[in-house]
Each structure stands twice: as structure tokens, then as C-alpha cells.
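The values are calculated or read from the model by the stated rules, or taken from the named source; none is laboratory data. This is a predicted model, so every value here is computed, not measured. Counting neighbours? That spans all protein chains shown, and the Cβs are built from the backbone with ideal geometry, glycine included.
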Amino acid sequence: MVPFLRILGIETSCDETAAAVVERDAEGHCNVLSDVVLSQLDEHSAYGGVVPEIAARAHVEALDELIEQALKRANVSLDDVDAIAATSGPGLIGGLLVGLMTGKAIARAAGKPLYAVNHLEGHALTARLTDGLSFPYLVLLVSGGHTQLILVRGVGQYERWGTTIDDALGEAFDKTAKLLGLPYPGGPAVERMARDGNADRFNFPRPLVGEARLDFSFSGLKTAVRQAAQDIAPLSDQDVADICASFQRAISRTLKDRIGRGLQRFKREFPTTGEKPALVVAGGVAANLELRATLQALCDKNGFRFIAPPLSLCTDNAVMIAWAGLERMATGVAPDTLDVQPRSRWPLDANAETLIGFGKRGAKA
Ligand code: KG4
Ligand code: ZN
């Protein structure tokens with residue numbers, strides 16, 4: 001039987017510094033004792049994107065204090081935790097170094113095992129924490145650094161069914177916002193503008209739609225937006241709103257096709273999973289209500305449960321890192337040794353081929 005476990009989680013792979021204390025009981029239920037996240041949005045917004053050096057410095061300045069806060073809020077000391085889990089990739093190498101080295105130092109000083117966690121695994125396993133989901137299921141991870149459709153077969157068993165061959169979806173939102181003069185981060189700004197826009201005005205491309213492979217491509221869409229904006233410059237507010245609405249429509253249609261094919265494939269490969277199959281969404285783009293509605297409708301049509309964890313657990317956080325560590329402990333995975341190194345690239349699916357252009361902006365997830 002798996003014992004009751006408690007773990008300290010640390011996340012520093014991009015622009016959120018986070019620490020959390022999480023428990024798992026013998027039946028696999030999760031209890032979040034604390035969840036502290038410090039966003040660096042203000043530090044980066046002036047530059048229109050995440051600046052790796054600024055991020056690394058901000059992690060150094062904030063992390064020790066955040067870990068103390070997480071322990072204090074959980075009302076535990078380091079003696080009371082069974083292990084330390086720290087993100088060790090993929091992500092910006094400076095931030096990863098800060099988090100993993102801190103995790104190692106604590107593990108060494110407190111005499112606790114260390115789990116070096118793949119950030120993507122944290123996203124992939126979150127729905128088991130929130131919804132007690134059983135394997136297998138599909139995860140659509142859509143963030144500023146990643147766009148992936150992942151089959152989760154079990155702890156440590158992941159298959160990447162699709163990925164972007166160029167920009168990540170959040171990145172496409174951010175770049176589109178930037179060229180329209182909207183603030184960073186672009187996703188919320190584009191979504192806000194799109195509400196008042198005419199989605200039929202521009203017929204933007206829907207890359208890879210109709211193709212059997214399950215990959216994504218968004219850079220052509222961004223180029224088409226730039227071209228449309230240049231053609232009608234100077235832009236009125238209504239023009240910007242129409243472009244945003246048409247851009248979002250193109251993405252919705254693309255996801256409908258790509259993910260629809262993914263759901264069909266899942267049904268072919270797992271004709272009888274016992275319960276209703278599930279699609280989980282993760283990453284910051286999951287905040288987008290139009291895209292959520294598209295995915296919900298797609299799931300309804302295909303007989304899938306659509307699971308969208310609370311946004312604080314969709315975006316980067318340390319609870320998911322702690323939970324991934326707990327899942328590994330509960331499955332009997334040995335801890336990592338203290339010479340484990342951070343990895344800016346670390347595919348979840350070791351068999352997945354590297355696609356041209358993928359991860360070119362670093363491996364922000
Ligand atoms: O997962 P996340 O918080 O951070 C990392 O990428 O690490 O995702 C941030 C991304 C940004 O690209 C942001 O523009 C996008 O998520 N985003 C959105 C929305 N809110 C955030 N994209 C579309 N619609 C939104 N409402
Ligand atoms: Zn992430």
C-alpha cells in the first residue's frame with residue numbers, strides 16, 4: 001500500500017516563481033496545503049515578452065522567501081515533508097538552475113529525497129489532482145511556449161500525438177497583439193478586443209486543417225494578420241477588433257479540426273476505456289473562453305468529458321510539480337541523485353521526433 005506522502009514543490013522554469021506543499025493520501029487523494037506564486041509579469045511587460053536574464057535574477061531574489069511562505073502557510077517544517085520536487089526542465093536554463101539548485105540544497109540539508117520533475121509532466125498530471133482522472137486520457141497543452149496534444153497512458157508514460165511546427169499558440173496571440181499595438185501578454189488583450197469584432201471580415205488561413213497528422217502551425221496565420229493590418233493601415237479600433245475576432249475564429253476552426261482528429265484517434269486506440277474518455281486542457285491559453293467553448297462543443301459531439309482545471313492550476317504553478325513528484329513516489333519511481341542537471345529541452349515523450357522550428361523560443365511551457 002502507498003503511504004501518506006507530503007512534498008515541497010518548486011517551479012522556476014519561466015516567469016513564475018512558485019512553491020507549494022501538497023499531500024497525497026493512500027487512496028490517491030490530493031490535499032493542497034499551500035500554493036504560492038509570484039508572477040514576474042511587471043518585470044517583463046515593458047519588453048513585450050519574457051527576458052531570460054531578468055527572469056533568472058527575479059527567481060534568485062524571490063525563491064527562498066517564497067519557499068518559507070509556502071511552508072509557513074502549510075504549517076509544516078522541512079522535517080515534516082517526505083521529499084522535495086523541483087522543475088528541472090524544459091524551460092529557461094537560468095530559472096531552472098535557480099530552482100533545481102535550491103531544491104538540491106534543501107534536499108541535502110534536510111536529508112530528503114529529490115525528484116527532478118519535467119514541467120510538462122506537471123501539466124499532464126494536473127487533472128488527476130483536480131478530477132481524480134484515471135488513465136488513459138488526452139491533454140491539450142496550449143501555453144506561451146508549447147502547443148502539444150499528449151496521450152497520458154500512465155505516470156511516466158506519455159506519447160506526443162501532435163505539436164506545433166513553428167510558433168506556440170500563446171506565442172501567436174502575443175505576436176499578433178504586438179503587431180496590432182495591444183499590450184503584453186497578448187492573449188487576454190486579443191480576446192477582449194475580439195468580443196466587439198466581426199469574425200467574418202477576414203478569412204485567415206487555417207494551417208494543416210484537413211491533414212491526417214495531428215500537428216499545429218501558427219506562423220502563417222501571424223503573417224496573414226500582419227499583411228491584413230498593413231493593407232488597411234492606419235487601423236481604427238474597429239479594424240483591430242475585426243482582426244482579433246477573425247484571428248480567434250481561425251484558431252478555433254484549426255483546433256476543431258486538429259483536436260477532433262485526436263479524439264477520433266483516441267476512440268480508435270481505446271475503444272473501451274470503461275468510463276467516458278476525457279480531454280484535459282492546460283496552459284495559459286486555456287483561459288480563452290471562445291477556445292474553451294470550441295473544445296467543449298467538440299468533446300460533447302464526440303462523447304468526451306472536457307476537463308478544464310481552475311486557471312491557477314492551468315498556468316504555471318508549483319502544485320503541479322509537487323503533485324508530479326507525489327505521483328512518481330506513489331508509483332515507486334526512485335528519486336533523482338543530486339548530480340541531476342537542468343535541461344532546457346526535455347521532451348516528455350522520448351520517442352517523439354524533433355520538428356523543425358519547434359521550441360525555437362526556448363522551451364517555455
Ligand atoms: O501557461 P502560461 O501562463 O505561461 C507560459 O507560457 O509559461 O501561458 C501564457 C500564455 C501567453 O502567451 C498568453 O498570451 C496566453 O497564455 N494567454 C491567452 C489568454 N490568457 C493568456 N491566450 C489567449 N486567450 C487568453 N485569454
Ligand atoms: Zn507551463
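Before moving on, here are some points about what is shown:
- Only one of the numbered conditions (1) touching a Phe, Trp or Tyr at 6+ places or on another chain (Cβ under 7 Å); (2) part of a helix (DSSP H, G or I) is violated by E61, and that is (1).
- Every condition in (1) assigned to a helix (DSSP H, G or I); (2) under 30 Å from P188 (Cβ atoms); (3) assigned by TED's automatic domain parsing to the domain that holds V21 holds for L326 except the one numbered (2).
- In the set P277, P271, only one residue is free of Cβ contacts under 8 Å to residues at least 12 places away in the same chain and over 19 Å from V32 (Cα atoms); that residue is P271.
- Selection status of A194, assigned by TED's automatic domain parsing to the domain that holds V333 and either over 24 Å from A350 (Cβ atoms) or at pLDDT 95 or above (or both): no
- Considered as a group, the residues in the stretch 46-65 that are of a type in the set (A, V, I, L, M, F, W, C) and within 20 Å of the chain's Cα centre (by Cα) include one that is nearest to ligand 1 (Cβ to nearest atom), and that residue is V50.
- Restricting the stretch 83-97 to residues that are among the hydrophobic types (A, V, I, L, M, F, W, C) and surrounded by 24 or more Cβ atoms within 10 Å (Cβ to Cβ) leaves a set whose member that is modelled with the lowest pLDDT is L92.
- Residue among G99, G95 that is touching a strand residue (DSSP E or B) at 6+ places or on another chain (Cβ under 9 Å), under 26 Å from K175 (Cβ atoms) and not hydroxyl-bearing (S, T, Y): G95
- Residue in the stretch 245-261 that is closer than 16 Å to T176 by Cβ, assigned by TED's automatic domain parsing to the domain that holds A293, touching a strand residue (DSSP E or B) at 6+ places or on another chain (Cβ under 9 Å) and not aliphatic (A, V, I, L, M) present: yes
- Of the criteria (1) farther than 20 Å from D131 by Cβ; (2) within 16 Å of ligand 1 (Cβ to nearest atom), which one A352 fails: (2)
- Criterion applied to G28, G89 was being within 16 Å of ligand 2 (Cβ to nearest atom), under 24 Å from the mean Cα position of the chain (by Cα) and at positive phi, and the one residue passing it is G89.
- Answer residue from the stretch 265-299, given it is among the small types (G, A, S) and surrounded by 13 or more Cβ atoms within 10 Å (Cβ to Cβ) and is farthest from ligand 2 (Cβ to nearest atom) among those: A297
- Checked against the criterion of being in a helix (DSSP H, G or I) and either modelled with pLDDT of 95 or more or within 16 Å of ligand 2 (Cβ to nearest atom) (or both), the stretch 111-119 contains one or more residues that satisfy it.
- Of the criteria (1) at negative phi; (2) in contact with a His (Cβ under 8 Å, 6 or more places away or on another chain), which one G283 fails: (1)
- Any hit, the stretch 175-198, residues being touching a residue at least 40 places away in the same chain (Cβ under 8 Å) and away from ligand 1 (no atom under 16 Å from the Cβ): yes
- Looking across the stretch 1-39, the residues that are within 16 Å of ligand 1 (Cβ to nearest atom) and not in a strand (DSSP E or B) come down to T12, S13, C14, D15.
- Within the stretch 52-81, the set of residues being among the hydrophobic types (A, V, I, L, M, F, W, C) and at pLDDT 95 or above comprises V60, A62, L63, L66, I67, A70, L71, A74, V76, L78, V81.
- In the stretch 139-151, the qualifying residues are those that are over 29 Å from E43 (Cα atoms) and buried (at least 24 other Cβ atoms within 10 Å of the Cβ), and the one that is nearest to ligand 1 (Cβ to nearest atom) is V139.
- Looking at A110, A116, just one residue is surrounded by fewer than 22 Cβ atoms within 10 Å (Cβ to Cβ) and assigned by TED's automatic domain parsing to the domain that holds P342, and that residue is A110.
- All conditions but one from (1) crowded, with 24+ Cβ neighbours inside 10 Å; (2) among the acidic types (D, E); (3) more than 16 Å from ligand 2 (Cβ to nearest atom) apply to D79; the one that does not is (1).
- Residue within the stretch 293-305 that is assigned to a loop (DSSP other than H, G, I, E, B), closer than 18 Å to S134 by Cβ and in contact with a Gly (Cβ under 7 Å, 6 or more places away or on another chain) present: no
- When F135 is tested against (1) more than 10 Å from ligand 1 (Cβ to nearest atom); (2) in contact (Cβ under 8 Å) with a residue 40 or more places away in the chain, exactly one condition is not met: (2).
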